[in-house]
Amino acid sequence: MNQIRLFIEFHSGGKKRTKDFMTVIIILYFMLILAGMISLARKSTIVEELSNLVNTLFESFEALYNFQREEVIINSPLPTMSFTMEMEILKYAFFSVIFFILVNSLGNILHMKRIYMMVLLMSLQSILSFIFFEESFPVLVITGSLLSVLFYFIPIGSGSYFSIIEYGSFFTGIYQFSYPQTKFRVFAKFVFRIIFPIFPFLLFMKILVPSISLYVIAITYFAILLLIFMNSSENKVQISLKKIVAFSIIIIATITNQKNMNGSILELVLSICAIFFSLDRVLSAFKDLKNEIKNTSLLYLLEKKAEDIDWLLENKVPFDFDTNKTPSELFLLRQLIVCFHLCENEQLIKLADLYLDNYEKDTRFVLQLKYFSLLESETIDFDDRYEYLKNVFDKKQGTIEYLPIVVEYSWLLFFKNKDYEVIAELLSLVWYSLDDESKYLLYYSYNKIGKNKAANSLKNEIGQFDLVEASFFEYEKEHTESN
């Protein structure tokens, strides 16, 4: 999510209208992917056929188990497997790969920028979706219609559409900081705590009220989860997210249940009320989540509050370093960023040392901020700067990274020992946010390690290539002569 945000910010040139437009295009593209998944879920028969096969085998084993010197007759025929829809998916994947190769080759021949190549590839894949998945067109029409209505109330250029991706990026940083678990552990915990209890709950409700529908059971179950989870966390970000998920489920369940209604006016009115109030709570929860992200996200504080001097001064907390008490990790990191923006180098160095003595999750990030404070507060020669950053990048990456330090270290590597492999590895992760001089360094490194295709592709992204190239070698010559 953070890379998508940076990609949009770089290619938009800082224009809100362009940011919003690119965000809408990406949303439409992912809605088409969702349409393809809906097609697969609706038309793919492999799950149903495998289920029939398991049932047939189960009946066979049951008959054999109950065999008491009687003839065993298995009435269920062995199902015939059909993979028609799966073959369509394979065709779609095949043509997608072909289009990717063609667009990449065409981009290299015509020297197209990556943003134009991306738009062309997304357009071709959209056409493929219309051909292979019949759900793609109605999904696109519905999404487009909703966006058209939305444009009237929230016009493109307001920055609201890009804020979806922007705050999503900030939220992922909060989540990684709060829950540094592996994906498997998080998924297993989710299954155990939410999915597993639904089966005994379903059995209990069916015994208690045999005539109850599965729809009512689902709504009741998620309503109970809503009550439990909203009161089981002190984290306001987590509470807001749970509200969004829970009320969204109620809206979806209510809409999908319309086909089961018998034309009752009362049921229709109740459904409309349920959707209206759930939607109201979802929007309210989004607003709460946005406010909490502003108050909690380290990435938001690092990137969005650098020029807000009044806010920085209000949120700078005096700290007594002689006390034996150690503040929380989040508090220290926030104060480090505040001091970094205020250029209070002495205070920052003390806070950094306090953090390094007590915590280790974001050691790399803290050392990065400390590096720039040391540069301003004392004289550090070239070799010491290189050794310091070499030690920093030997550390494990934490939940946040200060991107300018990547560029700084890459140039040091270039002038120190011409380690083009490491330079290419570092700069390729942030190429979309580089200036032309640093892009040329990446281009030069690609050529040195034999990645000529990647170099030619990157060359198209560098404006006034000849001037940048001449400036690069002149800068290298000046540095060599001065050392």
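The values are calculated or read from the model by the stated rules, or taken from the named source; none is laboratory data. In this text, all values refer to a predicted model and were calculated from it rather than measured experimentally. Reconstructed Cβ throughout: ideal geometry from the backbone, glycine too, with neighbour counts over all protein chains shown.
One line per residue, one yes/no per condition, for (1) among the hydrophobic types (A, V, I, L, M, F, W, C); (2) touching a Lys or Arg at 6+ places or on another chain (Cβ under 9 Å); (3) closer than 21 Å to Leu332 by Cα:
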{"site": "Lys350", "(1), (2), (3)": "no, no, yes"}
{"site": "Leu367", "(1), (2), (3)": "yes, yes, yes"}
{"site": "Tyr371", "(1), (2), (3)": "no, yes, yes"}
{"site": "Tyr386", "(1), (2), (3)": "no, yes, no"}
{"site": "Tyr432", "(1), (2), (3)": "no, yes, no"}
{"site": "Lys448", "(1), (2), (3)": "no, yes, no"}
Only one of (1) over 30 Å from Leu332 (Cβ atoms); (2) of a type in the set (Lys, Arg); (3) modelled with pLDDT of 85 or more is not met by Lys453, so which one is it? (3)
For Leu403: the one exception among (1) within 24 Å of Thr480 (Cα to Cα); (2) at pLDDT below 90: (1)
Test Ile449 against the criterion of being without any contact (Cβ under 8 Å) to a residue 40 or more places away in the chain, in the same structural domain as Leu426 (by TED's automatic domain parsing), farther than 22 Å from Met112 by Cβ and of a type in the set (Val, Ile, Thr), and give yes or no. yes
Could you tell me how many of the residues in the stretch 363-379 are modelled with pLDDT under 90, out of contact with any helix residue (DSSP H, G or I) (no Cβ under 6 Å at 6 or more places or on another chain) and either not hydroxyl-bearing (Ser, Thr, Tyr) or not assigned by TED's automatic domain parsing to the domain that holds Phe319 (or both)? 4
Within the stretch 414-425, restricting to residues that are assigned to a helix (DSSP H, G or I) and without any contact (Cβ under 8 Å) to a residue 24 or more places away in the chain, the one that is nearest to the chain's Cα centre (by Cα) is Glu425
If I ask for residues that are in contact (Cβ under 8 Å) with a residue 12 or more places away in the chain and under 29 Å from the mean Cα position of the chain (by Cα), which ones from the stretch 353-370 would you list? Tyr355, Tyr359, Lys361, Asp362, Thr363, Arg364, Phe365, Val366, Leu367, Gln368, Leu369, Lys370
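Return the total of residues in the stretch 433-483 being basic (Lys, Arg) and not in a helix (DSSP H, G or I). Can you show your working first?
Step one: filter the stretch 433-483 for residues basic (Lys, Arg), giving 439, 448, 451, 453, 459, 477.
After this cut, where a residue has to be not in a helix (DSSP H, G or I) as well, the list is 451.
Going through the stretch 433-483 one residue at a time, the tally reaches 1.
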